Structure formats: structure tokens, C-alpha cells
Amino acid sequence: MENNENNQQKRPKNRAVYSFRKNYPGSTGGSDYSIGESRRIQNRARRNKLFFAVVLVVIFCISFVATSTAIKLSKRPVREEKKAEQTVVKAPATLGQMKAVYFSSDVFSSEAQLNSAIEKLKEQQADTAVIEFKTPDGDLCYESNLPAAKNAYATKSAYGFVKEYIQLLKESSFRVIAVISCFEDNKAATVISDAAITNEKLELFSDSDTQRSWLNPYSQVARDYIIDIIKEINELDVDAYLLTSACFPTSENASVAVYREETAITDRNDVIKQFISSVIEAAGEREVIVGVSFDAAFGSDLNGLGGNILDSEARYFAPDLRAASQTKDVLFDDTLYSGGSFAQYDFVKIYYDRLLAQQTENVFIPMCDNAEYSVSALTDAGCNTYIIQ
């Protein structure tokens, strides 16, 4: 009896008894907890684990944000004091006196690229940087907020510090001109299909020269898309615009192109003139240069305009004399020039002489290859303004 009483006194009250428990009655090892105490310990352990996991997540997020910020700051342009010995050509007051160098949008990819561009401008004794902001493929070099641009993935290759780099160029006394490929736009034509040029089967028209699709100049949606881009770029503080492909396709297969809104306005020349007027209005105080084929500078119909583009509201025109733009043989001034040889000295000089002979108030800024003979020919012809690439 005495032994039974002693055993009852030793036996724990309210103990949980499980077959797998270390504290099973009779066990000599482990610690025994009451049911309530065991649950409190388990809950505390869970809370500790949860707290530890939350702390790890917070530390990871802070590290990620800090690393991302450090990377962005490393790419941010650093303004350095200008060295006294550096000579910079100050941009003239008017575009008709500028000497420019043409750059792709890669100039905005890093400060090293920008500095390389600045050195090239100095080497060429140029005062203006002409930079692609909207390419024929439809890419935009800056981060656009336009839904249509985002839907077309036009900002996929955009750079983050475009405005800061523009300011660095201006602080170095260089003018900045934004190049806009207007209707030749492979990406937007694919996404904004109602605003694109098609064929008779309503399939996207593909230019046989470049294999790119085009926006339809007759389409108000297409024109508004370009105008909205101009308005956005205004905020980046550029000085002027150079419009390319402000025309209709001129490739060999252009005859199969279908313009679904053509019945609304039948005169192609008027369509382009109205578009140019809209761009000039959107550009505000910034000048607009219209890029044209070399023959269109004489009022020809090479761009399929149905008339003379020179009597539009634009004052500045940039005839394209680059060899890459001239792929066909052309008879000019009783001389046959083979495709790709237009940059030769004789052609460039005779061409500009003919331009000067025109009775017009238009200002012509030839685009030519970065070749010594091209610049020499223009200089010898009395041309003090040009864009070289």
C-alpha cells in the first residue's frame, strides 16, 4: 500500500500520454511537459521561425534595393569640371550654319559612349549632335509613357538617363537634334494594324528595300502616334527635329501598297504637308528639318508625294547624299551615276551648285558620308552646313 501511494505521488498530473512520446510513463529519459506547457513551447518555436523568416526577407529586400540603386547611380552621368585646354565649338544661332555629326541612339547607353561622341564632335569641329530617337524599326531611345509605344515594345531598348546626357551635351556647347523615323516603323505597324499600310489581302505591307512595315500616312491614328512622341521628346529638352521617312514607300513593290483611308484625302502631297505642319506645331519653338531624297530637293516626285514637298511649312530640308541611301543608277546633270557612288566629289559639288541655283528661301543641309571628299566638295561649293555620318 505504501509503495502504491508513493507511485501515485510521483505520477505527473495532466500529462499527455502518447506512444511516441519520450515522457511516456515509465520512461527514464527526456523531459515531461504538461499539455498546456508543451503547446506554449511549440507556439513560441513557430513564432521564432516566422520572425526569423521575416527578418531574412527584409534583409534580402534591403540588399536588393541597395544593389539596384548602386548600379543605377553608377550609370548616372557625372559632371566633371571642364578642362581649360579643351576647345569646344559653340553651336551657331541658326541651323543653316551648323556642322553636325549623326549618331545612333547607342550614344545614350553609357557615359563612356557619350564621351566618345563628344570627342568625335570635337575632332570634326562640329557643333551639333544629330541622334536617333525613333528608329525605322520603331524603337524609342527614351522611356515613353505612351500606351501605344509600350504595347509595341518600342521602349524595350530605352535608356534611363537620356535627359541627363542631353544636358551634358548642352553644357559642352553642343546642340542636340532628335531624329524621328516617321512612317517607316516596323513595331508600331505590327501592333497598331489599323494604322498600317497593307496589301490587297490586308496583310502588312513589307518594303522590298528594307523588309520593314510602314504606318499609313493617311491614318489619323498613325499621325497622332508620331505627334505624341514629338510632344514627349519636347520634355527632354532637345533643340530641333530631323524627320526621316516623312513620305510614302518608294520601293519597287510600293505599287502593291493599300492605304485604307486614302479615299478621305486623295492628294498625297497634301497629306504629307499637313503632317509636317502638325509636327511643326507640336515642336513649338524647336525647328524642324525634313529629310528628303536627293532628287526631292529639286521638287521631283521621287518620294511619291504627287507634288513638291518644298512648298510645305518647313524651312529646312536635308537631302540624303549618303551612299547607303543611293542604290540605283541615276542620271543627274547629264551624267550617269551608279548606285552607291553618290558621295564622290564631283557629284556632291555639282549637286550643291544646283541647289544654290534654285530661287528658293529653303535652307538645305545635306546629309553625307563621313568622307573627306564629301566635306571638301561641299566646302568648295560654298556649303558651310552639313550632317555627316
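The values are calculated or read from the model by the stated rules, or taken from the named source; none is laboratory data. For clarity, every value in this text was computed on a predicted model and none was experimentally measured. Neighbour counts are summed over all protein chains in view; Cβ atoms, including those assigned to glycine, are modelled from backbone coordinates with ideal geometry. Just so you know, the surface numbers come from the protein's heavy atoms only, side chains and all, with ligands and any DNA or RNA stripped out. Shrake-Rupley method; radii C 1.70, N 1.55, O 1.52, S 1.80 Å.
How many residues does the stretch 100-121 hold that are assigned to a helix (DSSP H, G or I) and either open to solvent by 50 Å² or more (accessible area, probe 1.4 Å) or in contact with a Cys (Cβ under 8 Å, 6 or more places away or on another chain) (or both)?
From the stretch 100-121, those assigned to a helix (DSSP H, G or I) are 105-108, 111-121; that's our starting set.
Among the residues that remain, those that are also either open to solvent by 50 Å² or more (accessible area, probe 1.4 Å) or in contact with a Cys (Cβ under 8 Å, 6 or more places away or on another chain) (or both) are: 105-106, 108, 112-113, 115-116, 119-120.
Total satisfying the criteria: 9.
Output yes when any residue across the stretch 324-342 is at pLDDT 80 or above and open to solvent by less than 30 Å² (accessible area, probe 1.4 Å), and no when none is. Walk me through how you get there before you give the answer.
If we filter the stretch 324-342 for residues that are at pLDDT 80 or above, which is where we start, we get none.
For the stretch 324-342, residues at pLDDT 80 or above and open to solvent by less than 30 Å² (accessible area, probe 1.4 Å): absent.
State whether one or more residues within the stretch 175-183 are in a strand (DSSP E or B), modelled with pLDDT of 95 or more and over 18 Å from the mean Cα position of the chain (by Cα). Steps first, answer last, please.
Initially, the stretch 175-183 is screened for residues in a strand (DSSP E or B), giving 175-181.
Filter once more, so that each one left must be modelled with pLDDT of 95 or more: 175-181.
Keeping just the survivors that are over 18 Å from the mean Cα position of the chain (by Cα) gives 175.
Yes: the stretch 175-183 contains one or more residues that are in a strand (DSSP E or B), modelled with pLDDT of 95 or more and over 18 Å from the mean Cα position of the chain (by Cα).
Is at least one residue of the stretch 92-99 outside any strand (DSSP E or B) and modelled with pLDDT under 75?
yes
Against the definition (touching a Lys or Arg at 6+ places or on another chain (Cβ under 9 Å), part of a loop (DSSP other than H, G, I, E, B), at pLDDT 95 or above and of a type in the set (A, V, I, L, M)), how does V288 come out, yes or no?
Working: touching a Lys or Arg at 6+ places or on another chain (Cβ under 9 Å): yes; part of a loop (DSSP other than H, G, I, E, B): no; at pLDDT 95 or above: yes; of a type in the set (A, V, I, L, M): yes.
No; evaluated as a whole, the condition is false for this residue.
Could you list, in sequence order, the residues of the stretch 100-130 that are at pLDDT 95 or above and on the phi > 0 side of the Ramachandran plot?
none
May I ask you to list pairs of residues, at least six apart or on different chains, whose Cβ atoms are under 6 Å apart, with the first in the stretch 347-372 being of a type in the set (K, R) and the second being outside any helix (DSSP H, G or I)?
Pairs found: K349/A381.
Output the residues belonging to the stretch 143-166 that are of a type in the set (F, W, Y) and open to solvent by 10 Å² or more (accessible area, probe 1.4 Å). Before the answer, list the steps.
Applying the first criterion (of a type in the set (F, W, Y)) to the stretch 143-166 yields 153, 159, 161, 165.
Once the filter is applied, which keeps residues that are of a type in the set (F, W, Y) and open to solvent by 10 Å² or more (accessible area, probe 1.4 Å), the stretch 143-166 yields Y153, Y159, F161.
Return the residues of the stretch 210-249 that are surrounded by fewer than 16 Cβ atoms within 10 Å (Cβ to Cβ) and in a loop (DSSP other than H, G, I, E, B); say none if nothing qualifies.
T210, Q211, E235, D237
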